[in-house]
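Report on one structure; see the data block that follows.
Please treat every number below as a calculation from the coordinates, not as lab data. Since the model is a prediction, treat every value here as computed from it, not as a measurement. Every residue, glycine among them, receives a Cβ derived from its backbone with ideal geometry; neighbour counts consider all protein chains shown.
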């Protein structure tokens, strides 16, 4: 018997995106419940949904909670064995979801799985937000199969094997609901950006695995390039990446990794300044200030999680090199060029 699946789409003032993408989601999921979790939109999204898609269930949050708390609050009202967390700018293909769930049902140690994520504007290319599965380098910087920083590869089937990854994209992930709540859901202090990496890291530390199932593919409108990122997004990315590293990494070499991260972040801030993006430099400084002033809170989260789950902190599969050096110094632009340096085994 097929487990109960709930497709949960988070929305805030996304009426044009709902008008463009929701019909296909409803069409291709006739046997699954579709929910829109609305973060107090002011653009008549809810009214339009009720008038045009009465079969879609709307969960209205009291405020605009952002991505992390928005999902946490909304999912409290949704009962299902699996959550499909999906952005409101995802175009899906027929029969992408059921094969993933069937495969997860056969692999009990897999708690999160994602499809291949392609660019809706350039369908033959991977999309920035998750491409074909996410990883971290030795210092905790994220990258993907098919995307290293801003270098996006053409999809030629080169990463089509079902394989273990470190993190799945928040743009479209399938997660076992029991594990989601057991892990504590998204960290609401993140607000948005990097919260899926933090969640996946905690889930891995509980002994579960994260996978990509590339024969299933979806298309993401997204954004992702630097010139489209405002200083607030820069601030959240730098801040949340440091917090995730301190919360979840094993004790070994943690101090030195954070020290090196702070230095490299500073270099990035100088690079922003030299390129004429002074507001982004200020965002990096602001992110570091938050990190310093909230050390106690982050360490308390780390201790609380470790006391509950009693595990060391897994860092695999990962790259045992610096992706910053490989990309910006050595010119590496493709995952295939660094695949041989990946640590594939699980454990610490």
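Please say if segment 1-87 is rounded, prolate or oblate, where rounded means a/c under 1.5 for a ≥ b ≥ c the square roots of the C-alpha gyration tensor eigenvalues, and otherwise the choice is prolate for a/b larger than b/c and oblate otherwise? In terms of gyration-tensor shape, oblate. Can you give me the angle between helix 66-75 and the longest principal axis of the chain, using Cα atoms only, in degrees from 0 to 90, rounded to the nearest 10? Roughly 40 degrees between the two axes.
Hydrodynamic analysis of segment 89-224 uses the Kirkwood radius over alpha carbon pairs. Inserted into Stokes-Einstein at 37 °C and 0.692 mPa s, it gives a translational diffusion coefficient of 221 µm²/s.
Fraction of C-alpha pairs exceeding 19 angstrom in segment 135-193: 46 percent, rounded to a whole number.
As I understand it, the value is the acute angle between the Cα axis of helix 97-106 and the longest principal axis of the Cα atoms of the chain; what does it come to in degrees, rounded to 10? Between the helix axis and the principal axis of the chain, the angle is about 70 degrees.
Shape class of segment 6-46 from the alpha-carbon gyration tensor: oblate, with a/c at 1.5 or above and b/c at least as large as a/b.
Any chance you could tell me what percent of the C-alpha pair distances in segment 287-339 go past 17 Å? Above the 17 Å cut-off, segment 287-339 has 62 percent of its Cα pairs.
Derived from the Cα gyration tensor, the three semi-axes of the equivalent ellipsoid of segment 64-139 are 22, 19, 16 Å, largest first. Averaging Cα coordinates gives a centre for segment 70-144 and one for segment 236-303; these two points are 26 Å apart. Placing R0 at 51 angstrom, the Cβ-Cβ distance between residue 215 and residue 307 gives a FRET efficiency of 0.80 after rounding to 0.05. From its DSSP helices (H runs of at least four residues, each -39,500 (n - 2.57)), the chain gives a residue-normalised ellipticity at 222 nm of -11500 deg cm²/dmol.
Size of segment 1-153: Rg and Dmax of its alpha carbons, in Å, are 16.3, 50.
Nearest-5 percent of antiparallel DSSP beta bridges in the chain? Rounded to the nearest five, the antiparallel share is 50 percent.
Here segment 162-232 yields Rg over Rh of 0.99, to two decimals, using C-alpha coordinates and the Kirkwood radius.
If you wrap the Cα atoms of segment 252-348 in a convex hull and average its projected area over all directions, you get 8.0 nm².
In which sequence would 169, 42, 318 go, from the one with the fewest C-beta neighbours within 10 Å to the one with the most?
The most exposed by this proxy come first: 42, 318, 169.
Can you classify the chain as rounded, prolate or oblate using the Cα gyration tensor, where a ≥ b ≥ c are the square roots of its eigenvalues, rounded means a/c under 1.5, and otherwise it's prolate if a/b beats b/c and oblate if not? In terms of gyration-tensor shape, rounded.
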